[in-house]
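> Please see the structure below; I have some questions.
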Amino acid sequence: MEYFATTSAASRRAADCVIVGIYDRGRLGTAATDIDAASGGLLKKLLKSGDVSAQLGQCKVLNGVDGVRASRVVVVGLGKHSAFDVTKFRRAFGAALKAILQTNSRQVLNGLTLEETNGAGAYYLGRFSAETVGEALYRFTSMKSGKKSKVMPLRKVGMAVGSRGDAARASRGAEHGQAIVAGVSLAKDLGNLPANVCTPSHLARTAQKIARENKNVTARVLNETEMKRLGMHSLLSVTAGTKEPAKLIVLQYKGKAGAKPIVLVGKGVTFDSGGISLKPGPRMDEMKFDMCGAASVIGTLLTAAKLKLPLNVNVVVPAVENLPSGIATKPGDIVKSMSGKTIEILNTDAEGRLILCDALTYSRRFKPDTVIDVATLTGACVIALGHYRTAVMSTSDRLQNAIVAAGVTADDRGWPMPLGEEWTAELESNFADMANIGGREGGAIIAGCFLGKFTEGLNWAHLDIAGTAYKAGKAKGATGRPVPMLTEYLLGRCGALP
Ligand code: BES
Ligand code: MN
Ligand code: ZN
């Protein structure tokens, strides 16, 4: 997709389509005001007659509007003016794009702006434009047989800005947005693939492909023998019941010589049946998404590499399949983690923490500046926050605040959750250094506290994405979250934001 920014009036621009927005109570956006004037008051007339609506996301395609050079005008409702923000911009623009994709438009000028939106400037207009287009165009068709869906004609997307300076900022934003789309789309693809295709080996091959195709990226994949030598018996206990070989995937992006890396650790359980502590049948298919943490950190590294960010990012992905069998790990089994600490596995379905603790210990070898792990870790997190906020836990208030703030700016939001000794105490075991579960209440925090036992001395945060990584129901599919949030954090860390 090609993006351009223009200062010319919406009515004067030759395009297949212009998008204009109307707020409630008949208030027209900047481009809508211009089109309305050029067409002799058409939009106001249509509003009065009820043919266009200000309801958020409602669209109407108008053909051959007099006084307007573009062949079509898409009028989209923006809702209440005072409530219009980045999220609503994306909803409205996304709805307009959906209508436009039904037509043969090759070139679109988006007249919707973010000007009125709490300080979000031209850079974010460009970025969210590109992210919204990426969202609207994403399709997962690789598992469908027969004719591939037709290629979409849309090639060029314009953004309306007020000045030459803003045009440059919007273009830079669109560039960043496109890199984020690449990371998000990769994360979605990996998440949506079924577990019989997206195995630990598939994740490893994907990482190696990224290393081949991107400068300054290297990949290393450790097999089970190598993990055994490192003492990763906690990780290996999860893979005991399956024939699918486990992998420890390490990706390194080098954008700044000598700098300590930011290490992103992603849970890569390619299928979580629960193991011997078998999950109930309904919706168990969703546990193919249990590698979305891995997908999101690999996606974020790809985005960082595409943007050539001046920092170092390492990704560590423990990739395993969690299945029951005659040689699977049993409740009550005790294993020694790479850190030397022993763990009593009271529930084999609390497997994410068992692979992450060894991956976190492994991360210490990079002398990291910061370590952030990302995991579909607990059902309790979904109960606590629902599907709209990623849980952000950290032993550092500063890091926690920075990640939550990055989520707000990136429109990929998180919410702080605590860690503390009270919850950690629930992990006490009669037989080992700790158990892998505590009580049911506060389960997301207890899981975070378990990981905290392996991150002493590190600048560390834990993101539980169990509620945000994928959608269930009719819109079932991976979301690519939290690639935008993590990218925003990285952009902030290397001073690449305007
Ligand atoms: N992968 C699940 C968590 C999960 C649940 C993710 C629902 C997405 C949606 C995790 O491995 C798990 O099974 N957690 C258990 C932990 C419990 C046994 C302490 C859970 O949440 O029930
Ligand atoms: Mn589980
Ligand atoms: Zn799991």
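The values are calculated or read from the model by the stated rules, or taken from the named source; none is laboratory data. Quick caveat, the model's predicted, so the values are computed rather than measured. Here Cβ is always computed from backbone atoms with ideal geometry, including for glycine, and neighbour counts include all displayed protein chains. SASA here: full protein model, heavy atoms, side chains in, ligands and nucleic acids out. Shrake-Rupley method; radii C 1.70, N 1.55, O 1.52, S 1.80 Å.
> I'd like to check something: does region 32-54 contain any residue that is open to solvent by 50 Å² or more (accessible area, probe 1.4 Å) and in contact (Cβ under 8 Å) with a residue 40 or more places away in the chain?
No, region 32-54 has no match at all.
> Looking at region 346-376, which of its residues are within 13 Å of ligand 1 (Cβ to nearest atom), more than 22 Å from the chain's Cα centre (by Cα) and assigned to a helix (DSSP H, G or I)?
Hit for region 346-376 is Leu354, nothing else.
> Could you list, in sequence order, all residues of region 406-423 that are touching a residue at least 40 places away in the same chain (Cβ under 8 Å) and assigned to a helix (DSSP H, G or I)?
Passing the criteria: Ala406, Gly407, Thr409.
> At least 3 residues that are within 16 Å of ligand 3 (Cβ to nearest atom) in each: list the strands (runs of 3 or more DSSP E) lying fully within region 169-272 that qualify. Steps first, please.
Values: elements: 217-222, 247-254, 262-266, 268-272.
Hits in region 169-272: 268-272.
> Still on this structure: Filter region 427-438 down to the residues that are open to solvent by 70 Å² or more (accessible area, probe 1.4 Å) and of a type outside the set (A, V, I, L, M, F, W, C), then identify the one that is farthest from Leu377 (Cα to Cα).
Let us first name the residues in region 427-438 that are open to solvent by 70 Å² or more (accessible area, probe 1.4 Å), namely 428, 430-431, 433.
Add one more test, that the residue is of a type outside the set (A, V, I, L, M, F, W, C), and what stays is 428, 430, 433.
Numbers: Glu428: 20, Asn430: 25, Asp433: 21 Å.
Looking at the filtered set, the residue picked out is Asn430.
> In region 424-471, which residues are among the aliphatic types (A, V, I, L, M) and in a helix (DSSP H, G or I)?
Keep residues of region 424-471 that are among the aliphatic types (A, V, I, L, M), which gives 425, 427, 432, 434-435, 437, 444-447, 451, 458, 461, 463, 465-466, 469.
Ala425, Leu427, Ala444, Ile445, Ile446, Ala447, Leu451, listed by residue number.
> When region 473-490 is examined, which residues are found to be in a loop (DSSP other than H, G, I, E, B) and open to solvent by 10 Å² or more (accessible area, probe 1.4 Å)?
Within region 473-490, Lys476, Thr479, Arg481 qualify.
> Going by the structure shown, is Ile276 surrounded by fewer than 24 Cβ atoms within 10 Å (Cβ to Cβ) and not hydroxyl-bearing (Ser, Thr, Tyr)?
Details: surrounded by fewer than 24 Cβ atoms within 10 Å (Cβ to Cβ): yes; not hydroxyl-bearing (Ser, Thr, Tyr): yes.
Considered against the rule, which asks whether it is surrounded by fewer than 24 Cβ atoms within 10 Å (Cβ to Cβ) and not hydroxyl-bearing (Ser, Thr, Tyr), Ile276 comes out as yes.
> Would you mind telling me which numbered condition in (1) closer than 23 Å to Gly268 by Cβ; (2) open to solvent by 30 Å² or more (accessible area, probe 1.4 Å); (3) β-branched (Val, Ile, Thr) Thr395 fails?
Here Thr395 meets the rest and fails (1).
> Which residue out of Leu109, Leu97 is over 19 Å from Ala406 (Cβ atoms), modelled with pLDDT of 95 or more, open to solvent by less than 40 Å² (accessible area, probe 1.4 Å) and in a helix (DSSP H, G or I)? Show your work before the answer.
Numbers: Leu109 fails: in a helix (DSSP H, G or I).
Going through Leu109, Leu97 in turn, just one is over 19 Å from Ala406 (Cβ atoms), modelled with pLDDT of 95 or more, open to solvent by less than 40 Å² (accessible area, probe 1.4 Å) and in a helix (DSSP H, G or I): Leu97.
> Please verify whether region 350-358 includes one or more residues that are in contact with a strand residue (DSSP E or B) (Cβ under 7 Å, 6 or more places away or on another chain) and more than 13 Å from ligand 2 (Cβ to nearest atom).
Yes: region 350-358 contains one or more residues that are in contact with a strand residue (DSSP E or B) (Cβ under 7 Å, 6 or more places away or on another chain) and more than 13 Å from ligand 2 (Cβ to nearest atom).
> Answer yes or no: is there a residue in region 439-456 that is buried (at least 18 other Cβ atoms within 10 Å of the Cβ) and at positive phi. Before you say what the answer is, go through the steps one by one.
Here is the first cut: in region 439-456, the residues buried (at least 18 other Cβ atoms within 10 Å of the Cβ) are 442-455.
Remaining after also requiring at positive phi: 442.
Checking region 439-456: at least one residue is buried (at least 18 other Cβ atoms within 10 Å of the Cβ) and at positive phi.
> Name the residue that is nearest to ligand 1 (Cβ to nearest atom), counting only residues in region 385-411 that are of a type in the set (A, V, I, L, M) and either over 18 Å from Arg481 (Cα atoms) or in contact with a Leu (Cβ under 8 Å, 6 or more places away or on another chain) (or both). Give the derivation first.
First, the residues of region 385-411 that are of a type in the set (A, V, I, L, M): 385, 391-393, 399, 402-406, 408, 410.
From what is left, the residues that are either over 18 Å from Arg481 (Cα atoms) or in contact with a Leu (Cβ under 8 Å, 6 or more places away or on another chain) (or both) are 391-393, 399, 403, 406.
Working: Ala391: 12, Val392: 17, Met393: 15, Leu399: 24, Ile403: 20, Ala406: 23 Å.
Once the filter is applied, the top-ranked residue is Ala391.
> Continuing with the same structure: Quickly run through region 325-345 and pick out the residues that are out of contact with any Asp or Glu (no Cβ under 6 Å at 6 or more places or on another chain) and either within 16 Å of ligand 1 (Cβ to nearest atom) or part of a strand (DSSP E or B) (or both).
Of everything in region 325-345, those that are out of contact with any Asp or Glu (no Cβ under 6 Å at 6 or more places or on another chain) and either within 16 Å of ligand 1 (Cβ to nearest atom) or part of a strand (DSSP E or B) (or both) turn out to be Ala328, Thr329, Lys330, Pro331, Gly332, Asp333, Val335, Lys336, Ile343, Glu344.
> Could you check, for region 403-426, whether at least one of its residues is open to solvent by less than 20 Å² (accessible area, probe 1.4 Å), more than 16 Å from ligand 3 (Cβ to nearest atom) and of a type in the set (D, E, K, R)?
yes
> Quick check on region 321-334. Is at least one of its residues closer than 26 Å to Asp285 by Cβ, more than 15 Å from ligand 2 (Cβ to nearest atom) and surrounded by 24 or more Cβ atoms within 10 Å (Cβ to Cβ)?
Within region 321-334, not a single residue is closer than 26 Å to Asp285 by Cβ, more than 15 Å from ligand 2 (Cβ to nearest atom) and surrounded by 24 or more Cβ atoms within 10 Å (Cβ to Cβ).
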